[in-house]
Amino acid sequence: MDKKLYLDCGSGISGDMFVAAMIDLGADPDALQKALDSIPTDGFFVEIGRVKKSGIDCCDFRVRLDDDCENHDHDMDYLYGSLAPAAGSGCSCHEEPDREEHHCHCHEEGHDGEAHHCCRQEKDHHHPHRGLAEILPMIDACDMTETAKELARKIFRIIGEAEAKAHDLPLDEVHFHEVGALDSIVDVVAAAVTFDSLHIEEVIVPKLTEGTGTVRCRHGVMPVPVPATVNIVSSYKIPMELTGAKGEYVTPTGAAIAAAISTSHQLPPSFVIKKAGLGAGKRAYTERSGILRAFLIQGEENEGRDKVVKLETDIDDCSGEVLGYVMKKLFKAGAKDVHYAPVFMKKNRPAWELTVICGEEKAEELEKIIFTETTTIGIREYPLGRSVLNREEKEVETVYGKASVKQVSLGKMTRAYPEYDTVKKLAKKNKVPFMDVFDAVKEAVKKK
């Protein structure tokens, strides 16, 4: 894969930290603004600015709610302070976690420089506790790509399934008292659109670092990590490290984002950091930096080889429509490659051989998709070594605008290819044939 994102969750992860890190990496501000403006409700505005955490300059993303809008346990004293839980409850967290789902808003003083305000106009002013049935149409109404919408839906489904399991309720009966609140909906929409705008293809999340203690929410005092977070990391097999630090560092929304986008938990042996994005948390940390670090990385040339798994099965009784759907679903779930080849099986039956190439950590999840979505009753699994050329993305200037190219190299040999998505975008924008843009990009590559 070409664009690799490494999330360093050493101070945990929350929705607003993730959005801030994506903005700092260079997410499209116009796409974010359009998506926020199109959320079919009012009562909020967004501030984007710079703050210092542990002396380090970071991007800060804040969702501000109107005073008369919903407030989901955003009372610092109630959660962590003077109105402490009864003796023996074991609540030992007295500082504010990153603002998320069932937490309060407590903001550091002083932005370094002016914040950017994204204000909302008057729309629907009714803010009930929402379930998926209310949230999904809100996502559908947003002005963002279908890929971003699907990611936002996926994040909410992950949270919904985790909450349903925690409270022993059917998914359609779960009301998102916390994550259905307005600021969390804004966080998820912003997370989906900023991530999508960066066109990242592989996401590495080695582990999530969590604290200890308890946190108070609508349902009472809960242990850290909270049940929804536990259910998410368990279902999606995300490694977690529990530290002695007090407080909730990984929120359900943060865990759901990691689960939705992660394709690997294994970093390459060595790599080059191409760009870094730093997202600020909202808590004054003493034992952790309070920063989510997001790195665009490139494996070094001597990386050369990696390990993959090949999944293989023969299918003789599925329609082409089903197989096309399965291919799309496998790619979305993190397959490196998927293809079909015509074969003849026993009794001279024409069939399709499905082959999937994936990382070792994805094999079980992809096998489950194949078993669930096709009629096969067996899958062959082969561990393989793989040689890969060093690849990186570069930009060239053309008469139609800037275009991305994929450059591969081996020693002194280099080759560059126009990226399909940017060629398509420029052709549409300039209203010219695809091949005109393609040829212009190739010519620009030669000159460079």
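Where a number appears in this text, it was derived from the coordinates with a stated rule and is not lab data. Since this is a predicted model, take the numbers as computed values, not measurements. Every residue, glycine among them, receives a Cβ derived from its backbone with ideal geometry; neighbour counts consider all protein chains shown.
At the listed q of 0.20, 0.24, 0.27 Å⁻¹, the Debye profile of the range 393-447, built from one uniform point per Cα, gives log10 I(q)/I(0) equal to -0.62, -0.84, -1.02.
If R0 is taken as 35 Å, the Cβ-Cβ distance between residue 242 and residue 199 corresponds to a FRET efficiency of 0.55. The stretch between residue 386 and residue 150 holds 81.9 nm of extra length on full extension. This uses 0.36 nm per residue minus the Cα-Cα distance. Once the cut-off is 21 Å, how many percent of the Cα-Cα pairs in the range 305-387 end up in the long-distance tail? Of the Cα pairs, 24 percent sit more than 21 Å apart. By the count of neighbouring beta-carbon atoms within 10 Å, fewest first, 18, 295 end up ordered 295, 18. Length gained on full extension, residue 428 to residue 171, computed as 0.36 nm times the residue gap minus the Cα-Cα distance: 88.4 nm. How far is the Cα center of the range 148-225 from the Cα center of the range 360-430, in Å? Taking the Cα centre of the range 360-430 as reference, the centre of the range 148-225 is 28 Å away. Rounded, prolate or oblate: pick one for the range 238-318, where a ≥ b ≥ c are the square roots of the eigenvalues of its C-alpha gyration tensor, a/c under 1.5 means rounded, and failing that, prolate if a/b is larger than b/c, else oblate. In terms of gyration-tensor shape, oblate.
Would you give the gap between the C-alpha center of the range 1-23 and the C-alpha center of the range 281-353, rounded to a whole Å? Between the Cα centre of the range 1-23 and that of the range 281-353, the gap is 21 Å.
Take 414-421, 380-387 and order them by the average number of nearby Cβ atoms within 10 Å per residue, most first; the result is 414-421, 380-387. Once the Cβ-Cβ distance of residue 447 and residue 57 is raised to the sixth power relative to R0 = 45 Å, the FRET efficiency obtained is 0.75.
Residue exposure proxy: 195, 61, ordered by other Cβ atoms within 10 angstrom of their Cβ from fewest to most, comes out as 195, 61.
Protection proxy ranking of 25-35, 145-155, by the mean of other Cβ atoms within 10 Å over each peptide's residues and highest first, is 145-155, 25-35.
With the cut-off at under 19 Å, measuring from each backbone N in the range 374-413 to a point 7 Å along the Cα-to-Cβ line of residue 271 picks out 386-394, 406-409.
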